[in-house]
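Input: a single structure, listed below in structure tokens.
The values are calculated or read from the model by the stated rules, or taken from the named source; none is laboratory data. Keep in mind the model is a prediction, meaning the values are calculated, not measured. Cβ placement follows ideal geometry from the backbone for every residue including glycine, while neighbour counts extend to all protein chains displayed. The protein model used for the area step is the full one, side chains on, heavy atoms only, and it has no ligands, DNA or RNA in it. Shrake-Rupley method; radii C 1.70, N 1.55, O 1.52, S 1.80 Å.
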Amino acid sequence: MLLNHTEPGGLYVHIPFCIRKCPYCDFFSITDLSLKQAFMDALMHEMELSGDLSLTFDSLYIGGGTPSVLDADHIDKILEKSGKSFKILSDAEITIEVNPGTVSLQQLKNYRSAGVNRINIGVQSFHGEHLDVLGRIHSKKEAYSAIRWAREAGFENLGLDLIYGIPGQTKKSWLWDMQEAIGFMPEHISCYMLTYEADTPMDKDRQTGRIKPMADPLLEDLFDATITFLNINDYEQYEISNYARSDTKGLNTNRSRHNRKYWSFAPYVGFGPSAHSFVEPVRYWNVSNVDKYIEDLNAGRLPIAEKETLSREQQMIEWVYLGLRQTGGIQIEDFNHKFDVSFSSMFGEVLTDLEERGLIAPVKTRCTLTRKGMLLLDSVTSMLIGD
Ligand code: SF4
């Protein structure tokens, strides 16, 4: 099936606050929580101003930042305002990201009663020493409590985020982290490889030698071990970093409906500072500055920083890159239909080369990466479509 903006879209709300910045993070957030109320007012205004979209939505994702620094009545307001401003289907997936150390059982119960039906917890690790290296504010005890509380609060759709590749981590400690995670039977697990994003404090520490990144062979071994371990335990990989277990009917409903929109060219509309939106073929994003965001909305302007219309070539690049991220890969027929070209004749020689190098599986109806190819996604994409 060809995925495009005839399918329902996703709404994203970016909460730009964190208690403290983690040294590896390059998401936009600030630690001045005194701006919370002014931000909330601006956000309500932004939704009102954007309310004439002729789209239907079946997911709403409240991410950040740390959304759980907001009170339950803030979340209530966000859901109420988005329900009034947009056409949201009654069975929409409504997710909130929370971080341990910023939530209580009561708060989670309130989020659930407000209508949030999916929760994603930024556990990252169950080892205190790894949490310290990551500069997280929470302890492992708080991670365990947050997960238990989420279940107690009635969340039947639970996702846990973990990080591997942390300096000092071993294969044994990583396998133990995953073992602890699956002990809670989460519906979804995301395992992110630690990356050293330019200009982050952790990247500076790497450059000065204060931090020694994990060696590549171990990193590759952990990536491989992640897929194997989770598959054995009934978590199917559906994207490079994302795994879900089937629901009780054996269906894939535990895969993140919202995140799949980013990889499948479906429309998504973002609110809040730095939030990105895409309604084919236009992509636009908001200013990454809370003061400016509030100022723009106070003046009755949408806080859009930039807007671009993707050319056919840019769309092809995105299609290939996003398709390859998913284990289902690029569906050749969809590509051919979408761009009115033949995938095989366009990439024929490169495909043979990639296959010989063990980076993609033999191409039949789909083009999919091998495990080795997943580790080298950027290189595979460049080989296919150039730099
Ligand atoms: S809590 Fe999340 S968003 Fe906030 S600084 Fe840490 S990694 Fe970044």
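Listed by first and then second residue, the pairs linking a residue in the range 139-154 that is among the aliphatic types (A, V, I, L, M) to a residue that is open to solvent by 30 Å² or more (accessible area, probe 1.4 Å) and assigned to a helix (DSSP H, G or I), with Cβ atoms under 8 Å apart and 6 or more places separating them unless they lie on different chains, are Ala153/Leu105; Ala153/Lys109; Ala153/Arg112. Residues that are part of a helix (DSSP H, G or I), under 28 Å from Lys87 (Cβ atoms), among the basic types (Lys, Arg) and touching a Ser or Thr at 6+ places or on another chain (Cβ under 9 Å) do not occur anywhere in the range 262-284. Within the range 158-212, being of a type in the set (Gly, Ala, Ser), in a helix (DSSP H, G or I) and under 19 Å from Glu236 (Cβ atoms) holds for Ala181, Gly183. In the range 42-76, how many are open to solvent by 20 Å² or more (accessible area, probe 1.4 Å), without any contact (Cβ under 8 Å) to a residue 60 or more places away in the chain and within 17 Å of Ala275 (Cβ to Cβ)? The qualifying residues number 3. If you go through the range 98-119 and pick out every residue that is open to solvent by less than 10 Å² (accessible area, probe 1.4 Å), touching a strand residue (DSSP E or B) at 6+ places or on another chain (Cβ under 6 Å) and within 13 Å of the ligand (Cβ to nearest atom), you end up with 1. Going through (1) open to solvent by less than 30 Å² (accessible area, probe 1.4 Å); (2) without any contact (Cβ under 8 Å) to a residue 40 or more places away in the chain one by one, Thr31 falls short only on (1). Of everything in the range 228-261 that is part of a loop (DSSP other than H, G, I, E, B) and without any contact (Cβ under 8 Å) to a residue 40 or more places away in the chain, the residue that is most open to solvent (accessible area, probe 1.4 Å) is Lys249. Of the candidates Gly272, Gly300, the single residue that is in contact (Cβ under 8 Å) with a residue 12 or more places away in the chain and surrounded by 15 or more Cβ atoms within 10 Å (Cβ to Cβ) is Gly272.
So which residues in the range 303-316 are open to solvent by less than 70 Å² (accessible area, probe 1.4 Å), among the polar types (S, T, N, Q) and part of a helix (DSSP H, G or I), if there are any at all? Hit for the range 303-316 is Gln315, nothing else.
All of Asp203, Asp177 fail the test of being under 21 Å from Glu220 (Cβ atoms), in contact with a His (Cβ under 9 Å, 6 or more places away or on another chain), modelled with pLDDT of 95 or more and open to solvent by less than 60 Å² (accessible area, probe 1.4 Å), apart from Asp177. When you look at Gly83, is it farther than 23 Å from Ser288 by Cα, free of Cβ contacts under 8 Å to residues at least 24 places away in the same chain and not in a strand (DSSP E or B), yes or no? Criteria met by Gly83.
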